[in-house]
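> One structure, pasted below without further comment.
The values are calculated or read from the model by the stated rules, or taken from the named source; none is laboratory data. Given the structure is predicted, the values throughout are model-derived calculations rather than measurements. Reconstructed Cβ throughout: ideal geometry from the backbone, glycine too, with neighbour counts over all protein chains shown.
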């Protein structure tokens, strides 16, 4: 992470917000209800908007962790705008699947709210890029 921070300079808040977001992806990555809800969504819409270039055909408990890795990789390559776009598209997708995940397992909690807040935080921090 320190190498990434050296590259981004004055965009530290944005990078911090993206790392918080990546942590949320890791947290929900292997939650069975979230994985099931993502699979069900992808049966109707194989590639959610903005994720076409990032998702593989199969959805499993590595899907969100893989997206988190790709966000971090984009940051490391100084492709900050793309990292932001990927994070925002992923958060939007998770907001859409959250009600179903919560229906399957109420312990999923407020995934939709968390993703909504994460989107707002990333958007606010990215306003200057």
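> Could you check residue 7 against (1) at pLDDT below 95; (2) over 20 Å from residue 128 (Cα atoms) and say which number it fails?
It is condition (2) that residue 7 fails.
> Related question: From the list 82, 13, pick out the single residue that is under 27 Å from residue 128 (Cβ atoms), touching a helix residue (DSSP H, G or I) at 6+ places or on another chain (Cβ under 6 Å) and at pLDDT 95 or above.
Values: 13 fails: at pLDDT 95 or above.
Of the residues listed, the single one that is under 27 Å from residue 128 (Cβ atoms), touching a helix residue (DSSP H, G or I) at 6+ places or on another chain (Cβ under 6 Å) and at pLDDT 95 or above is 82.
> Also, quick follow-up: Do we have residue 77 as closer than 23 Å to residue 42 by Cβ and either loosely packed, with under 14 Cβ neighbours inside 10 Å or out of contact with any helix residue (DSSP H, G or I) (no Cβ under 9 Å at 6 or more places or on another chain) (or both) here? Explain how you work it out, then say what you get.
Working: closer than 23 Å to residue 42 by Cβ: no; either loosely packed, with under 14 Cβ neighbours inside 10 Å or out of contact with any helix residue (DSSP H, G or I) (no Cβ under 9 Å at 6 or more places or on another chain) (or both): yes.
Criteria not met by residue 77.
> Follow-up question, since we're still on this one. Conditions first: (1) surrounded by 14 or more Cβ atoms within 10 Å (Cβ to Cβ); (2) under 15 Å from the mean Cα position of the chain (by Cα); (3) modelled with pLDDT of 95 or more. Residue 52 passes all but one, so which condition is the exception?
With respect to (1) surrounded by 14 or more Cβ atoms within 10 Å (Cβ to Cβ); (2) under 15 Å from the mean Cα position of the chain (by Cα); (3) modelled with pLDDT of 95 or more, residue 52 is out only on (1).
> Name the residues in the range 54-98 that are on the phi < 0 side of the Ramachandran plot and touching a residue at least 60 places away in the same chain (Cβ under 8 Å), would you? Break it down into steps so the answer makes sense when it comes.
As a first pass, look at the range 54-98 and keep what is on the phi < 0 side of the Ramachandran plot: 54-77, 79-98.
Listed by number, the residues that qualify are 72, 75, 76, 80, 83, 84, 87, 90, 91, 94, 97, 98.
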